[in-house]
Amino acid sequence: MEINNRTVRLLERPIGLPKKNTWSLNQENFDLELKENQILIKNEFISLDPAMRGWLNRGKSYISPVNLGDVMRAGTIGKIIESKNKNFNNGNYVSGWGGVQDYIVSDGKDFTRIDDNKVKKETYLGALGVPGMTAYFGILKEGNIKKGETVVVSAAAGAVGSIVGQIAKIKGCKVIGIAGGKDKSDYVKNTLKFDECLDYKKENFFNDLMSICKKGVDVYFDNVGGELLDRMMLFISKGARIVICGAISQYNQKPKGPNNYLSLLVNRATMKGMVVFDYAKDYDKAIIEIRKWILEGKLLTKEDIYHGIENFHDVFLKLFNGEKIGKLILKI
Ligand SMILES: NC(=O)c1ccc[n+]([C@@H]2O[C@H](COP(=O)([O-])OP(=O)(O)OC[C@H]3O[C@@H](n4cnc5c(N)ncnc54)[C@H](OP(=O)(O)O)[C@@H]3O)[C@@H](O)[C@H]2O)c1
């Protein structure tokens, strides 16, 4: 069988925001005869995640960088075109690390079947994928929330933040979101039903933040880092937990740490980083619970889907310019 594969490969390590020539788009045709145990997957949905920016950097992290010349690493959902593996049939949908390309051949070990006719497949890149797992374990295990506590979450209209806040509401917390722009803030408050959502792009944002947080914050779920993390340290209550999930405001520059860290001492508070992969053995349990909330109408999911592998770069930048709501996905 002749395969016409388009790939996006990493050409150079960017300084600051990635540019068009950070990647190359290639046409790579090849003849394929599957070996025993192999499957051929046609990727349909590609997950675009802030972490991908970190994988472009040289150096040690929780996962190895993408090598120059390699296909850009990405979570995917695809359809099996041909299978010589007894665990997969033609037509099955699978999620895994398929990369930014049309096709991938695998022995199936790193791919999971999606056998679900009630929830959209794309949701398995969002609320039922890595962002959902991050939100679930981040707020329940790392944040250790209790009923009646006050939770603040940044990037609240995004893939992780929107689920964090909704889970905290399900668990009986008071939830304040922070998001960029009026439309996003209205969406978080009116549609996702957070108690409040502040627009950090508004002129008086830090005054608004101070007045809404003055009674104290028990959990700050940080997706953004930088100045916001620094300010949030001033509002924490005694015994508060700051969950360092991400720091998207710092990914394209040399990261700057917080000045107000002595607030941790005064408040006997903790600030701890998390990596979702540490919870991998419990993903199944989280998927069952989140899926139940979705089907009961207690948790809303939103995927923002753009089209065309040739638009990968422009769509990827939406993570940083905020021109999207919910989980960012590229359909190819
Ligand atoms: N630790 C883990 O295991 C783990 C796993 C998954 C994700 N994460 C982290 O979780 C965070 C959220 O990821 P996600 O997939 O849910 O992304 P996302 O929130 O869906 O998208 C990123 C959002 O960040 C906001 N943003 C971008 N630049 C910003 C800046 N300079 N200041 C403030 N906000 C900015 C934008 O929203 P606005 O329009 O509101 O600005 C943008 O929509 C990221 O930091 C990511 O690295 C961590």
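The numbers here are math on the coordinates, done by the rules we state, and not lab data. None of these values were measured; they are calculated from a predicted model. So basically every Cβ, Gly included, is an ideal-geometry build from the backbone, and we count neighbours across all protein chains shown.
What whole number of Å gives the distance from the Cα centroid of region 1-44 to the Cα centroid of region 276-332?
22
Which of rounded, prolate, oblate describes region 77-125, given a ≥ b ≥ c as roots of the alpha-carbon gyration tensor eigenvalues and a/c under 1.5 marking rounded, otherwise prolate only if a/b is larger than b/c?
Numbers: a/c = 1.84, a/b = 1.23, b/c = 1.50.
Here region 77-125 falls in the oblate category.
On alpha-carbon atoms, Rg over Rh for region 198-332 using Kirkwood Rh? Mind showing how you got there, number by number?
Values: Rg = 17.9 Å, Rh = 17.7 Å.
Ratio of gyration radius to Kirkwood radius: 1.01.
Report, in deg cm²/dmol and to the nearest 500, the calculated mean residue ellipticity at 222 nm for the chain, where each DSSP H run with n ≥ 4 adds -39500 (n - 2.57) and the sum is divided by the residue count.
-6000 deg cm²/dmol
Trypsin sites (Lys or Arg not before Pro), restricted to region 58-93: which are DSSP loop and have at most 14 other Cβ atoms within 10 Å?
Counting only loop positions with at most 14 other Cβ atoms within 10 Å, the trypsin sites (Lys or Arg not before Pro) in region 58-93 are Arg58, Lys60, Lys86.
Over all directions, the average projected area of the alpha-carbon convex hull for region 158-230 comes to how many nm²? Walk me through the intermediate numbers first.
Working: hull surface 18.9 nm².
With every direction weighted equally, the projected area is 4.7 nm².
May I ask for the angle, rounded to the nearest 10°, between helix 312-321 and the longest principal axis of the chain, with both axes built from Cα atoms and the value confined to 0 to 90°?
0
How many percent of all Cα-Cα pairs in the chain sit more than 33 Å apart? Provide the component values of the computation, followed by the final result.
Numbers: 15456 of 54946 pairs.
Counting pairs separated by more than 33 Å, the tail of P(r) holds 28 percent.
Net charge near Val66: determine it from the other residues with C-beta under 15 Å of the C-beta of Val66, scoring Lys and Arg +1 and Asp and Glu -1. It would help to have the intermediate numbers written out before the result.
On the way: positive: Arg9, Arg13, Arg53, Arg58, Lys60, Arg73; negative: Glu12, Asp49, Asp70.
Local charge sum for Val66: +3.
Stretched out fully, how many nm does the piece from Arg58 to Asn117 gain, at 0.36 nm a residue minus the Cα gap? Intermediate values should be presented prior to the final figure.
Details: separation 59, 0.36 × 59 = 21.24 nm, distance 4.09 nm.
So the chain would gain 17.1 nm between Arg58 and Asn117.
Quick check on the exposure proxy: order Ile80, Ile176, Ile63 from fewest to most C-beta atoms within 10 angstrom.
Numbers: Ile80 21, Ile176 24, Ile63 12.
Ordered from fewest to most neighbouring Cβ atoms within 10 Å, Ile80, Ile176, Ile63 come out as Ile63, Ile80, Ile176.
Among the listed pairs Lys20/Lys298; Lys20/Lys109; Lys169/Lys215; Lys19/Lys331, which are separated by more than 30 Å between their Cα atoms? List each step's numbers first, then the result.
Working: Lys20/Lys298 40 Å; Lys20/Lys109 33 Å; Lys169/Lys215 18 Å; Lys19/Lys331 21 Å.
Violating the 30 Å Cα-Cα cut-off are Lys20/Lys298; Lys20/Lys109.
When Val224, Val266 are ordered from fewest to most other Cβ atoms inside 10 Å of their Cβ, what list results?
On the way: Val224 23, Val266 10.
Ascending number of Cβ neighbours within 10 Å: Val266, Val224.
Only loop residues by DSSP count here, and only those with at most 14 other Cβ atoms within 10 Å; note down the trypsin sites (Lys or Arg not before Pro) in region 176-265 that meet that. Write out the running numbers ahead of the final one.
Numbers: sites: Lys182, Lys184, Lys189, Lys193, Lys201, Lys202, Lys214, Lys215, Arg231, Lys238, Arg241, Lys256; in loops: Lys193, Lys201, Lys202, Lys214, Lys215, Lys256.
Filter output for region 176-265: Lys193, Lys201, Lys202, Lys214, Lys215, Lys256.
In a GNM of the chain with a 10 Å cut-off on Cα contacts, which of Val130, Val71, Val275 has the highest mean-square fluctuation?
Val275
To the nearest 10 degrees, how steeply does helix 283-295 sit against the main Cα axis of the chain, on a 0 to 90 scale?
80
Is the shape of region 20-162 rounded, prolate or oblate, going by the alpha carbon gyration tensor and its root eigenvalues a ≥ b ≥ c, with a/c under 1.5 for rounded and a/b larger than b/c for prolate? Can you show the working numbers first?
Values: a/c = 2.45, a/b = 1.46, b/c = 1.68.
Oblate, because a/c is 1.5 or more while a/b does not exceed b/c.
Sort all Cα-Cα distances of region 130-277 into consecutive 5 angstrom bins from zero, then give the percent of pairs in each bin up to the one containing the longest distance.
The distribution over region 130-277 is 2, 11, 22, 25, 23, 13, 4, 0, given as percents.
Can you list the HN-Hα couplings for region 126-131, worked out from phi with the Karplus curve (6.51, -1.76, 1.60; θ = phi - 60°), rounded to whole Hz and with x for Gly and Pro?
x, 4, 9, x, 4, x
Restricting to DSSP loop positions (anything but H, G, I, E, B) with no more than 15 other Cβ atoms inside 10 Å of their own Cβ, which GluC sites (Glu not before Pro) remain in region 1-81? Don't jump to the answer; show the numbers that get you there.
On the way: sites: Glu2, Glu12, Glu28, Glu33, Glu36, Glu44; in loops: Glu12, Glu33, Glu36.
Here the sparse-neighbourhood loop sites are Glu12, Glu33, Glu36.
Using a 10 Å cut-off around each Cβ, can you sort Thr22, Thr191 from fewest to most neighbouring Cβ atoms? Could the numbers behind the result be given before it?
Working: Thr22 17, Thr191 13.
The order, fewest Cβ neighbours first, is Thr191, Thr22.
Output the pairs from Lys141/Lys324; Lys120/Lys281; Lys184/Lys324; Lys84/Lys121; Lys189/Lys324; Lys35/Lys121 with a Cα-Cα distance over 19 Å in this structure; if there are none, say none.
Numbers: Lys141/Lys324 28 Å; Lys120/Lys281 23 Å; Lys184/Lys324 9 Å; Lys84/Lys121 23 Å; Lys189/Lys324 17 Å; Lys35/Lys121 28 Å.
Pairs exceeding the cut-off: Lys141/Lys324; Lys120/Lys281; Lys84/Lys121; Lys35/Lys121.
In whole Hz, what ³J(HN,Hα) sequence does region 136-146 give by Karplus (6.51, -1.76, 1.60; θ = phi - 60°), x for Gly and Pro?
In residue order, the calculated couplings are 4, 6, x, 7, 7, 8, 7, x, 6, 5, 10 Hz.
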